[in-house]
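Trainee: Before I ask anything, let me first share the structure, which is written out below as structure tokens.
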Amino acid sequence: MPKKAPEELTWRDLEIGCAVTEPGSASEYKSGDWRSRQPIWDFTKCIKCGLCYTYCPDAAVNQRDDGYFEANLYYCKGCSICTQECPTTAIHMIEEGE
Amino acid sequence: MANRIGMEVSFAVAEAAKLARSEVVAAYPITPQTHIVEKLAELVAEGELDAEYIPVESEHSAMSACLGSSAVGARTFTATAGQGLELMHEVLFVASSSRLPIVMAVANRAISGPLNVWGDHSDVMAARDCGWIQIFTENGQEAFDLTLCAFRIAEDHRVLFPIMVHLDGFHLSHMVESLYPLEQSEVDAFLPPYKYPFALDPAKPVTLGAYGPPFIYTEAKKAQEVALRSTKEVILEVWREFNRRFGRQYSPVETYATEGADTLLLTMGSFSETASVAIDRLRKQGEKVGQIRLRLWRPFPFEELYQAVRTAKVVIVLDRSISVGGPGGPVCSEVKSALYHLKERPQIVSFVGGLGGRDISVADFENIVRKGQKLAAQGVGEHYEMIGLRE
Amino acid sequence: MASQRNTVALRLPMEENFAAGHRACIGCGEVLALRLVCKALGRDVIIANATGCMEIVSSQIPYTSWEVPWIHTLFENTSAVASGIEAGLKVLRRKNKGPQKEVTVVAMGGDGATADIGIQALSGAMERYHKFIYVCFDNEAYMNTGVQRSSATPFGASTTTSPPGKVKTGQATWKKDMVAIAAAHNIPYAATANPSFPLDLIKKVQKAKQVNGPAYIHVYSPCPTGWRTGPEVSIKLGRMAVSTGVFPLYEIENGRYILKPDLPKLRPVKEYIKAQGRFRHLTDDLIEQIQKRVTQEYDKLREKAAQSQSA
């Protein structure tokens, strides 16, 4: 049964006191839509230090199985903090749609 | 069954909170509620009540702390009066919208200014819209009984609303009255333990107090309104059970000596008892008068009020507060509003008195009824009479 | 997750206790601080949150970013709500009810909720010695309502209610020292923290968890929107704030001051000021005043730390 969009919720759909009982339900929200640029990693430079992961305000940097990092494009807002904090300048931004 | 005793009504309220096994009391002292919170502090200190007593630094924090303790599932009680009720005003709305079953005794007191610590109903009338269940008591027994009932009603999963139990400041709070208390075992049988469905617990994380933009606020309010109105059924149910167990029946609208009455006097709170004596005297003189005592203030008892005024030609409403610059007495304006749509409705006359602790004597009440009948005959429009005003 | 992890990231608790999909501004330093604080706290917490940026971006019906039990009510009462939670848990524990494990009670608020409208409730809660952690996320103005000044707004900063103009030069008073106020309540632990120093922040939060009484942590939170800075420089700014002495990192443990890092030489505040649009209007004279004050305050801290060491 598909969940209702927020704007479709009726007064009967609301939990008592408007309690939100599904923790972390915000993870449905695609904050990546805000983006106008996205970060790209150069794995020849990436030393897998994890600072990009550490400093991402949106927890939108994932570590791959091979240890390198990449943006989680569902959430990444393109703030570019990762490009600034990477000690080997392994990350640069490209325009969305490039 | 305990024997009848004499007890200051404030202490009776504290005793009820104790017998209910309140778990958190977060309160700030303010005349004339102080004896309630002092007694509770004493009970906790003596180990008679196993509760956490939080001596908060203001009433706003008192009600806020109550939100927190109720939300983790602790049975929560507090008390306030007058300015205190005003200071916690915004928090009251949140207690209701969050559906937290906090029980609060209010020793009704006049609102400043000028500063006046004595009793009237202006504090409660300023909190009409906050979404709490509100119940008026008229004597010590009622203050005791209805505080106990409040826990049972509030925590019922079909209710989950906070409840104010109103008792007149000084006129009740500081009076020693005779009453029948209850044994702990009787209260334990009547009051099941509190289980809040969304208790804050890492085992089952919930988010309480998410914000509601325009697309959803209306729906949130509708849900709250429907829920509050539906609590009346549970209130009646609990009062019926209380009567079954303990032999005292409470109703949303109490009527007194209304047989054959053309004129009804509507009162709330402890002055109702004084008014009853006046009604008795008038009836002895052959007057066709009776009395309505409004007990359930919120949710407003529309059906019971219609029933009570069914055969009356005149309803005289006593208010113990004024909506300054507005429709005079708040209770009167609500009664008028409630009866407006009826095809046949009585004349309604508004009296305002008992402000800031001023007494209304039995003789005063007799005059109110007579004057009220006269005014009804003349037609009064928006006019309201102030009782005992020195001009 | 990955099999080849030997990263700085390994030093962080890995669990995200604050879900992505929140609506914080691009480059928000405060939400990063919050993310790190939540990592440090773990899941056995109950959080009372004041109205403000973090509350709004995380909890629009029907969404929530919170993976832990969380309650928001009003703006100025989060410490009072936390007091009620702490007391409620205490009595439930005694009666063998409620959460089955040890729960950390946390109150969170912005600088407005902490230093201004909520200071009474905070003071009361600390005085009553409730066992809870108060975390102040300080972005130095009432940001959520559109960048109005607070008592934590630094001297000279431009906000909508302390705008510079022909006759005024921005915020006219110096930043209220909330850490000193907290410490004056004789609480066991007070500290400053900064998301640019994530391991230090996490360590301090974990320390606060162990405290048997109130703990206060004041977290520097860069706000690109309100400070008129690029979203990408938030972490850089945080480092600058520490290296210039504008936001020193220190702890007060039972009255003992620990200044760490204790910088023998501070970088000129001018670098920090020039990097932010909210200070754009400042004259050299005003910058000089700020420099003097920052140096003075830092020296006082060094002295307190030295005294604590020798005591």
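Trainee: How many of the residues making up segment C:43-58 are at the interface with another protein chain (Cβ under 8 Å from one of its Cβ atoms) and either out of contact with any helix residue (DSSP H, G or I) (no Cβ under 8 Å at 6 or more places or on another chain) or on the phi > 0 side of the Ramachandran plot (or both)?
Mentor: 5
Trainee: Conditions: (1) under 30 Å from B:Gly290 (Cβ atoms); (2) free of Cβ contacts under 8 Å to residues at least 40 places away in the same chain. B:Tyr217 meets all but one. Number of the miss?
Mentor: (1)
Trainee: For segment C:211-228, give me each residue that is closer than 19 Å to C:Ala121 by Cβ, in a loop (DSSP other than H, G, I, E, B) and touching a helix residue (DSSP H, G or I) at 6+ places or on another chain (Cβ under 6 Å).
Mentor: Correct list: C:Pro214 only.
Trainee: How many residues does segment C:13-34 contain that are of a type in the set (A, V, I, L, M, F, W, C) and facing chain A (nearest Cβ under 7 Å)?
Mentor: 7
Trainee: Which residues, counting only those in segment C:14-47, are within 21 Å of A:Lys30 (Cα to Cα), assigned to a helix (DSSP H, G or I) and either of a type outside the set (A, V, I, L, M, F, W, C) or without any contact (Cβ under 8 Å) to a residue 24 or more places away in the chain (or both)?
Mentor: C:Gly29, C:Glu30, C:Arg35
Trainee: Hey, any hits in segment B:273-294 for a residue that's at pLDDT 95 or above, within 18 Å of the chain's Cα centre (by Cα) and within 30 Å of B:Ser185 (Cβ to Cβ)?
Mentor: No: zero hits.
Trainee: Can you tell me which residue within segment B:97-125, out of those that are out of contact with any Ser or Thr (no Cβ under 8 Å at 6 or more places or on another chain) and surrounded by fewer than 24 Cβ atoms within 10 Å (Cβ to Cβ), is farthest from B:Ile322 (Cα to Cα)?
Mentor: B:Ser97
Trainee: From C:Leu286, C:Leu282, C:Leu266, which residue is within 25 Å of C:Ala190 (Cβ to Cβ) and among the aliphatic types (A, V, I, L, M)?
Mentor: Being within 25 Å of C:Ala190 (Cβ to Cβ) and among the aliphatic types (A, V, I, L, M) holds for just one of C:Leu286, C:Leu282, C:Leu266, which is C:Leu266.
Trainee: Take segment B:280-316 and flag every residue that is of a type in the set (Gly, Ala, Ser) and in a loop (DSSP other than H, G, I, E, B).
Mentor: B:Gly286, B:Ala312
Trainee: Within segment C:257-276, which residues are exposed (fewer than 15 other Cβ atoms within 10 Å of the Cβ) and in a helix (DSSP H, G or I)?
Mentor: Selection gives C:Glu271, C:Lys274.
Trainee: Something else: Based on this model, can you work out whether C:Thr160 counts as farther than 28 Å from B:Thr76 by Cα, of a type in the set (Val, Ile, Thr), within 14 Å of chain B (Cβ to nearest Cβ) and without any contact (Cβ under 8 Å) to a residue 60 or more places away in the chain?
Mentor: No, not satisfied.
Trainee: In segment B:58-75, what residues are outside any loop (DSSP other than H, G, I, E, B), more than 16 Å from C:Ala107 (Cα to Cα) and within 7 Å of chain C (Cβ to nearest Cβ)?
Mentor: B:His60
Trainee: Among the residues of segment B:77-90, write down those that are surrounded by 24 or more Cβ atoms within 10 Å (Cβ to Cβ) and either polar (S, T, N, Q) or not in a loop (DSSP other than H, G, I, E, B) (or both).
Mentor: Matches in segment B:77-90: B:Phe77, B:Thr78, B:Ala79, B:Thr80, B:Gly82, B:Gly84, B:Leu85.
Trainee: Restricted to segment C:186-214, and to residues that are within 14 Å of chain A (Cβ to nearest Cβ) and crowded, with 24+ Cβ neighbours inside 10 Å, which residue is farthest from C:Val37 (Cα to Cα)?
Mentor: Applying the filter and picking the extreme gives C:Ser196.
Trainee: Can you find a residue in segment C:219-238 that is within 14 Å of another protein chain (Cβ to nearest Cβ) and among the acidic types (Asp, Glu)?
Mentor: Yes, segment C:219-238 contains at least one residue that is within 14 Å of another protein chain (Cβ to nearest Cβ) and among the acidic types (Asp, Glu).
Trainee: With C:Thr173, C:Thr145 as the choices, which residue is among the polar types (S, T, N, Q) and within 27 Å of C:Arg293 (Cβ to Cβ)?
Mentor: The conditions single out C:Thr173.
Trainee: Quick one: is B:Leu115 of a type in the set (A, V, I, L, M, F, W, C), without any contact (Cβ under 8 Å) to a residue 40 or more places away in the chain and assigned to a loop (DSSP other than H, G, I, E, B)?
Mentor: Considered against the rule, which asks whether it is of a type in the set (A, V, I, L, M, F, W, C), without any contact (Cβ under 8 Å) to a residue 40 or more places away in the chain and assigned to a loop (DSSP other than H, G, I, E, B), B:Leu115 comes out as yes.
Trainee: Considering only residues that are in a loop (DSSP other than H, G, I, E, B) and touching a His at 6+ places or on another chain (Cβ under 9 Å), which ones fall in segment C:81-138?
Mentor: Listed by number, the list holds a single entry, C:Tyr129.
Trainee: Within segment C:106-131, how many residues turn out to be crowded, with 24+ Cβ neighbours inside 10 Å and of a type in the set (D, E, K, R)?
Mentor: Residues meeting the conditions: 1.
Trainee: C:Tyr134 - would you say it is at pLDDT 95 or above, in contact with a Pro (Cβ under 8 Å, 6 or more places away or on another chain) and of a type in the set (Phe, Trp, Tyr)?
Mentor: Answer is yes for this residue.
Trainee: While we're on this one: I'd like the full set of residues that are touching a strand residue (DSSP E or B) at 6+ places or on another chain (Cβ under 7 Å) and either surrounded by fewer than 24 Cβ atoms within 10 Å (Cβ to Cβ) or among the charged types (D, E, K, R) (or both), limited to segment C:46-60.
Mentor: Those that are touching a strand residue (DSSP E or B) at 6+ places or on another chain (Cβ under 7 Å) and either surrounded by fewer than 24 Cβ atoms within 10 Å (Cβ to Cβ) or among the charged types (D, E, K, R) (or both): C:Glu55, C:Ile56, C:Gln60.
Trainee: Being under 27 Å from B:Cys332 (Cβ atoms), within 14 Å of chain C (Cβ to nearest Cβ) and either basic (Lys, Arg) or touching a His at 6+ places or on another chain (Cβ under 8 Å) (or both) is the requirement here; does B:Lys221 meet it?
Mentor: Spelling it out, B:Lys221 is indeed under 27 Å from B:Cys332 (Cβ atoms), within 14 Å of chain C (Cβ to nearest Cβ) and either basic (Lys, Arg) or touching a His at 6+ places or on another chain (Cβ under 8 Å) (or both).
Trainee: How many residues does segment A:1-50 contain that are surrounded by 15 or more Cβ atoms within 10 Å (Cβ to Cβ), modelled with pLDDT under 95 and touching an Asp or Glu at 6+ places or on another chain (Cβ under 8 Å)?
Mentor: Total satisfying the criteria: 0.
Trainee: Against the condition of a type in the set (A, V, I, L, M, F, W, C), surrounded by fewer than 24 Cβ atoms within 10 Å (Cβ to Cβ) and assigned by TED's automatic domain parsing to the domain that holds B:His171, how does B:Val44 come out, does it pass?
Mentor: yes
Trainee: Of the residues that make up segment C:68-80, is at least one more than 25 Å from C:Gly124 (Cβ to Cβ) and facing another protein chain (nearest Cβ under 7 Å)?
Mentor: no
Trainee: Could you check how many residues of segment B:343-357 are modelled with pLDDT of 95 or more and in a loop (DSSP other than H, G, I, E, B)?
Mentor: Going through segment B:343-357 one residue at a time, the tally reaches 3.
Trainee: In segment B:40-54, how many residues are facing chain C (nearest Cβ under 7 Å) and assigned to a loop (DSSP other than H, G, I, E, B)?
Mentor: 2
The values are calculated or read from the model by the stated rules, or taken from the named source; none is laboratory data. Not measured: the values here are computed from a predicted model. Here Cβ is always computed from backbone atoms with ideal geometry, including for glycine, and neighbour counts include all displayed protein chains.
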